[in-house]
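**Student:** Once you've had a glance at the structure underneath, I'll fire off some questions.
The values are calculated or read from the model by the stated rules, or taken from the named source; none is laboratory data. Keep in mind that what you see is a predicted model, and the values were worked out from it rather than measured. Cβ placement follows ideal geometry from the backbone for every residue including glycine, while neighbour counts extend to all protein chains displayed. Just the protein is used for accessible areas: all its heavy atoms, side chains included, with ligands, DNA and RNA removed. Shrake-Rupley method; radii C 1.70, N 1.55, O 1.52, S 1.80 Å.
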Amino acid sequence: MGIFFSCKAANPPYTVKHLGDGQSIVQVDQPKKYMLLPIEETSGESRLFVIVDNDVVQTLHVRLAVTKTDYYVPLDLSAYSDKHVALNFHHIADDALCWTELKLSDEFDTSNRETFRPAYHFSPLYGWMNDPNGMVYKDGEYHLFYQHNPYGSMWGNMHWGHAISRDLINWEHLPVAIAPDGLGTIFSGSAVVDKDNTSGFGAGAIVAFYTSAGERQTQSLAYSLDNGRTFKKYERNPILTSTVRDFRDPKVFWHEQTGKWILILAAGQEMQIYSSANLKDWTMESRFGEGHGAHGGVWECPDLIELPIEGTELKKWVLICNLNPGGPFGGSATQYFVGTFDGKTFVNESPTATKWMDWGRDHYATVTWSNAPDNRSIAIAWMSNWDYANDVPTQQFRAANSIPRDLSLYTYNGETYLKSSPSPEMLALRGKAQKKGSFKVDRTYNLDKVLADNTGTYEIEMEITNRDAEIIGFQLFNTKGEEIDCYYNLAEGKFFMDRTKSGIVSFSDKFPSITAAPIEKGKNFKLRLFIDKASVEAFGEDGRFAMTNLVFPTEPYNRISFYAKGGTYNVTSLVVYSLIQ
Ligand code: FRU
């Protein structure tokens, strides 16, 4: 951290004037790179107008410290170093703590201070994150944009944050890519590479589509001619409007067969499909949704992709539909439909089936990378749930993404399902294999040490052959008595994960939960578990089921206790890898 001045200093770099009625103006007399704003998460939102040489250049909402400072967020003033900056605050009392806690500084400290900061999952440097946005691959770089509040660790002030990676694992944080404007804040969307310059913005432009969230929701675009480092908003935004209130999250892709761009977006409880030749002018083609799948809440963040069916030469189309609330265990979740798409209409081949992509509580806003190499469909999800996303016990940052997953299709009992396999890049994180042998479980079998130096970031791979057990279970636990209980219930044909005693759970009464995924009939089971500081992702049979759950243990889980009920089973292989970056 740099050296700070406050208005108590002899030569105050700013002056605070209270105007009555909850309004105050702060005149910045000696600008520095940042004005650091003190945040108290339980405070109400104040409104801040950033005024440069008498003009409002930015408005935002901020939960200013009234009685205590939880953390700071930086307001970047570097563009105005030779101008006069005044900050006009509304809805904040004259005696609030913030007036003596504001700081001007040339630095903002983003070093990791938190127990629950994941080691190998993407999380924002600071501030709030929700949906992954605009994922696109170009020239060796995976771009990940995301719903971001740079002015607090709770939802608000939506910007597109930005990071890039060459391997889907190591991420470099880049400055905010798209910031709110007169049309609204910047909600979710997608990006494509316009290889043939159909838009006229330039061959190879990255064109991003997002929802401008003002009083009403409209769709806008911005483009980048420097591989995503800077974006220019299209001057004729918005490009798509509607009278529907929830009208958002455009996903755009190139449809080879018809030679057109397709845009799919969520409108209330349906998806609408549009086509275009130039990415700017869109024609409505069809709508999909009524009478299909789960409708417990609004439909959001769609995707439409063609995927190969394993073991065949066939492909089918998959419509990914995120839904909030109305997930199988409450709150937000990702459902999908399998069928055909002819460039105009998506036809669901199983109109009576509801299919879930992940059976945990914390897998939402899932979409895939555009233009991924080798025809891969790589998905990533926001690893949280709107039921409690704002309340999880972190402060400097809030939320992480799932690990990347490669998608494909498989057929079981005549139905086609989505398979979400951990992307092969995850293998590179593995440390040395620690083989724990093979053993029979008739009552219990304990493993006292998962890893010698356990930092709480590891993968467990196990293979199980059932003999005659009714329940095949194991608890992962620590010395504090915190545990995750996982078990296959063969009679019910389900795999369960119980996090009710997993650590810190009391921040929301919706957090403690038991989730269940259907399993296929058989005697042999293969399970991969990815454990990070605050999450468990389970993949059964290479991704034929996936289950993603947050957990907040106060110490790493470092023991495993296998148990059997109603019979016995064999663990034929158990391997632990520490996952290192
Ligand atoms: C989904 C969502 C989107 C919206 C964004 C706003 O989590 O509600 O529909 O664009 O979040 O942050």
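**Student:** In segment 426-579, carbon and sulfur make up what percent of the accessible area (probe 1.4 Å)?
**Tutor:** With neighbouring chains kept in place, the figure for segment 426-579 is 46 percent.
**Student:** Placing +1 on the Cβ of each Lys and Arg and -1 on the Cβ of each Asp and Glu in the chain, which of I531, W261, V176 has its Cα farthest towards the positive end of the resulting dipole?
**Tutor:** I531
**Student:** Under 5 Å between amide hydrogens, which residues at least 5 positions from K33 or on another chain qualify, with H placed 1.01 Å from N in the peptide plane?
**Tutor:** Answer set, sorted by chain and number: S105, D106.
**Student:** Name the long-range amide H neighbours of L97: under 5 Å, sequence gap of 5 or more, or other chain; modelled H, no Pro or chain starts.
**Tutor:** Counting only residues 5 or more places away or on other chains, the set is V66, T67.
**Student:** Please label the shape of segment 3-105 as rounded, prolate or oblate, based on the square roots a ≥ b ≥ c of the eigenvalues of the alpha-carbon gyration tensor (a/c under 1.5 means rounded; beyond that, a/b larger than b/c means prolate, else oblate).
**Tutor:** Because its axes are fairly even, with a/c under 1.5, segment 3-105 counts as rounded.
**Student:** Each residue of segment 522-528 in turn: what ³J(HN,Hα) in whole Hz from Karplus with 6.51, -1.76, 1.60 and θ = phi - 60°, glycine and Pro shown as x?
**Tutor:** Residue by residue, segment 522-528 yields x, 10, 10, 10, 10, 9, 10 Hz.
**Student:** As I understand it, the dipole of segment 426-579 uses +1 on the Cβ of Lys and Arg and -1 on the Cβ of Asp and Glu, about the Cα centre. Which of F545, G431, F511 lies farthest toward its positive end?
**Tutor:** Result: G431, furthest along the dipole toward the positive end.
**Student:** Counting only heavy atoms of protein chains, what accessible area per residue, in Å², does the chain have with a probe of 1.4 Å?
**Tutor:** Per-residue value: 39 Å².
**Student:** For segment 73-78, in order, what is each residue's ³J(HN,Hα) by Karplus, 6.51 cos²θ - 1.76 cosθ + 1.60 with θ = phi - 60°, in whole Hz (x at glycine and Pro)?
**Tutor:** Once θ is set to phi - 60°, the couplings for segment 73-78 become 10, x, 9, 7, 10, 4 Hz.
**Student:** Sorted by packing (mean other beta-carbon atoms within 10 Å per residue), highest first, where do 13-22, 479-488, 495-504 land?
**Tutor:** Ranked from most to least packed, the peptides come out as 495-504, 479-488, 13-22.
**Student:** Then there is this: Compare the peptides 341-347, 469-475 by average per-residue count of other Cβ atoms within 10 angstrom and give them in order, highest first.
**Tutor:** For the peptides 341-347, 469-475, the packing ranking is 469-475, 341-347.
**Student:** I've got another one for you. Kindly identify segment 256-391 as rounded, prolate or oblate by the Cα gyration tensor criterion: order the square roots of the eigenvalues as a ≥ b ≥ c, call it rounded if a/c is under 1.5, otherwise compare a/b with b/c, prolate if a/b is larger, else oblate.
**Tutor:** Prolate.
**Student:** In terms of the ratio Rg/(2.2 N^0.38 Å) built on C-alpha atoms, what value belongs to the chain?
**Tutor:** Compared with the compact-globule rule of thumb, the chain sits at 1.01.
**Student:** Okay, moving on. So, in Å, what gap is there between the alpha-carbon centers of segment 222-260 and segment 406-473?
**Tutor:** 40 Å
**Student:** Which values, in whole Å and largest first, are the semi-axes of the equivalent ellipsoid of segment 323-478 obtained as the square root of 5 times each eigenvalue of the Cα gyration tensor?
**Tutor:** Value: 32, 22, 19 Å, ordered largest first.
**Student:** Related question: Apply 1/(1 + (r/R0)^6) to the Cβ-Cβ distance of R287 and K33, taking R0 = 35 Å, and write down the FRET efficiency to the nearest 0.05.
**Tutor:** That pair, R287 with K33, gives E of 0.15.
**Student:** Search the structure for amide H atoms under 5 Å from the amide H of S377, placed 1.01 Å from N in the peptide plane, and list their residues when 5 or more places away or on another chain.
**Tutor:** Here L407 satisfy the definition.
**Student:** What does the helix-only formula give at 222 nm for the chain: each DSSP H stretch with n ≥ 4 adding -39500 (n - 2.57), the total divided by the residues, and the result rounded to the nearest 500 deg cm²/dmol?
**Tutor:** 0 deg cm²/dmol
**Student:** Cut-off under 19 Å on the C-alpha distance; same-chain residues fewer than 8 positions from K17 excluded. Which lysines are left, in chain and number order?
**Tutor:** The reachable lysines, counting only those whose Cα sits under 19 Å from K17, are K8, K103.
**Student:** Peptides 358-365, 161-168: what's the order by average Cβ count within 10 Å, highest mean first?
**Tutor:** 358-365, 161-168
**Student:** Which number do you get for Rg(Cα) / (2.2 N^0.38 Å) in segment 426-579?
**Tutor:** Rg over 2.2 N^0.38 Å, computed on Cα atoms: 0.98.
**Student:** Limiting things to C-alpha atoms, what are the Rg and the maximum Cα-Cα separation (Dmax) for segment 19-67, in angstroms?
**Tutor:** Cα-based Rg and Dmax for segment 19-67 come out at 11.9, 33 Å.
**Student:** Treating only the Cβ atoms of Lys and Arg (+1) and Asp and Glu (-1) as charged, compute the dipole magnitude of segment 119-270 about its Cα centre; round to the nearest 20 debye.
**Tutor:** 220 debye
**Student:** Take the Cβ-Cβ distance between D448 and D109 as r, set R0 to 45 Å, and report the resulting FRET efficiency rounded to the nearest 0.05.
**Tutor:** Once rounded, the FRET efficiency stands at 0.70.
**Student:** Below 8 Å between Cα atoms, with a sequence gap of 6+, how large is the relative contact order for segment 420-544 in percent?
**Tutor:** 27 percent
**Student:** Binning at 5 angstrom from zero up to the longest distance, how are the C-alpha pair distances of segment 109-196 distributed in percent?
**Tutor:** Going from the shortest bin to the longest, the percentages are 3, 14, 23, 25, 18, 11, 5, 1, 0, 0.
**Student:** State which entries of K436/K526; K232/K344; K138/K533 exceed 26 angstrom in Cα-Cα distance in the structure shown.
**Tutor:** Exceeds cut-off: K232/K344; K138/K533.
**Student:** Hey, what do the phi angles of segment 290-300 turn into as Karplus ³J(HN,Hα) couplings, whole Hz, using 6.51/-1.76/1.60 and θ = phi - 60°, x for Gly and Pro?
**Tutor:** Values, residue by residue: 4, x, 10, x, 8, 10, x, x, 6, 8, 9 Hz.
**Student:** Under 14 Å from the Cα of K510, which aspartates and glutamates turn up, not counting those fewer than eight places away in the same chain?
**Tutor:** Here the aspartates and glutamates satisfying the reach criterion relative to K510 are D362, D387, D391, D498.
**Student:** Continuing with the same structure: If you put +1 on each Lys and Arg Cβ and -1 on each Asp and Glu Cβ, how big is the dipole of the chain around its Cα centre, in Debye rounded to 20?
**Tutor:** Rounded to the nearest 20 debye, it is 800 debye.
**Student:** Which pairs, out of K355/K523; K280/K355; K435/K565; K251/K494; K32/K83; K432/K565, put more than 22 Å between their alpha-carbon atoms?
**Tutor:** From the list (K355/K523; K280/K355; K435/K565; K251/K494; K32/K83; K432/K565), the Cα-Cα distance tops 22 Å for K355/K523; K280/K355; K435/K565; K251/K494; K432/K565.
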